[in-house]
Amino acid sequence: MGRWADGRTVHAPTRVFVPALHSFAPPVHHHLPDPTTKLPMDPDNALLLRALLRDINVAALATLHKGEPAVSMVPFVHDAAQGALLIHVSGLATHSRDMQAHPGVSLLVTARDDGRTSPQALPRVSFSGEAQFIERDDPAYDAGRALYLQRFEQAAQMFALGDFSLVRIVPRSARIVGGFGRAASLVGADLDRALAD
């Protein structure tokens, strides 16, 4: 406080404390999921997986061909008893030689596009797994052949050809997409249960 030359009193300006805006913000607590926590499998995912394997009979098969990725189309059948997929391939096909050299494969099964939804929203499942060639003297061969022919009767004559092989695709993991914002991964026991009837 002071005085002007004419005697008037001068008051110092009042200081007003204005708290920072961030002081009003409540504390933020980030609750990140524990990566070791095992969440229960959504039963809808298993139903969708089995529906795709039941209703769709062809898949895109991805193999490693001379160090480069390669994709081909293969008919398949779901072998629920073995928790696997069966394909019947010619020895003349490059994917047959690829699987013999590098058994690691991927398989994509996609719902039919009926034009009523965006292609990106089509239900689908992709598998990563191992290709196992089933020898003709293996007891599993006759059972696999019968199962395959239930779905593809026209393939009977190809089983008589010596250069065709029955191959079991044993999935290690699956990625299911049910539409926009709906996706899940299945591994281990969850995948085994989903592949079983």
(Q) Among the residues of segment 110-124, are any open to solvent by 70 Å² or more (accessible area, probe 1.4 Å) and in a strand (DSSP E or B)? (A) no
Q. Say we look at segment 185-197 and pick out the residues that are in a strand (DSSP E or B) and open to solvent by 20 Å² or more (accessible area, probe 1.4 Å); which of these is nearest to D79 (Cα to Cα)?
A. V187
Q) Taking F24 and the conditions (1) more than 23 Å from the chain's Cα centre (by Cα); (2) at pLDDT 95 or above; (3) among the aromatic types (F, W, Y), which numbered condition does it fall short on, given that it satisfies the others? A) (2)
Q) Across segment 119-136, what is the total count of residues that are in contact with a Phe, Trp or Tyr (Cβ under 7 Å, 6 or more places away or on another chain) and either free of Cβ contacts under 8 Å to residues at least 40 places away in the same chain or under 19 Å from L147 (Cβ atoms) (or both)? A) 2
Q: For D44, indicate whether it is outside any loop (DSSP other than H, G, I, E, B), over 16 Å from the mean Cα position of the chain (by Cα) and acidic (D, E).
A: no
Q: Would you mind finding the one in Q154, Q82 that is without any contact (Cβ under 8 Å) to a residue 40 or more places away in the chain and of a type in the set (S, T, N, Q)?
A: Q154
Q. If you scan segment 65-92, which residues turn out to be surrounded by 16 or more Cβ atoms within 10 Å (Cβ to Cβ) and among the aliphatic types (A, V, I, L, M)?
A. V74, V77, A84, L85, L86, I87, V89
Q) For segment 171-184, does any single residue satisfy the condition of being part of a strand (DSSP E or B), more than 24 Å from G104 (Cα to Cα) and either open to solvent by 50 Å² or more (accessible area, probe 1.4 Å) or at pLDDT 95 or above (or both)? A) yes
Q: Kindly indicate which of F133, F76 is under 22 Å from A46 (Cβ atoms) and hydrophobic (A, V, I, L, M, F, W, C).
A: F76
**Q.** Which listed residue, of Y141, Y148, is more than 19 Å from R50 (Cβ to Cβ), in contact with a Leu (Cβ under 9 Å, 6 or more places away or on another chain), hydroxyl-bearing (S, T, Y) and modelled with pLDDT of 95 or more
**A.** Y141
(Q) Condition first: in a helix (DSSP H, G or I), out of contact with any helix residue (DSSP H, G or I) (no Cβ under 7 Å at 6 or more places or on another chain) and over 14 Å from D79 (Cβ atoms). Now tell me which residues in segment 140-170 satisfy that. (A) E153, Q154, Q157, M158
Q. Does A160 qualify as being under 20 Å from L195 (Cα atoms), open to solvent by 10 Å² or more (accessible area, probe 1.4 Å), out of contact with any Leu (no Cβ under 9 Å at 6 or more places or on another chain) and without any contact (Cβ under 8 Å) to a residue 12 or more places away in the chain?
A. no
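The values are calculated or read from the model by the stated rules, or taken from the named source; none is laboratory data. These numbers were taken from a predicted model, which means no experiment stands behind them. Counting neighbours? That spans all protein chains shown, and the Cβs are built from the backbone with ideal geometry, glycine included. Each accessible area value is taken on the protein alone, full model and side chains, heavy atoms only, with ligands, DNA and RNA left out. Shrake-Rupley method; radii C 1.70, N 1.55, O 1.52, S 1.80 Å.
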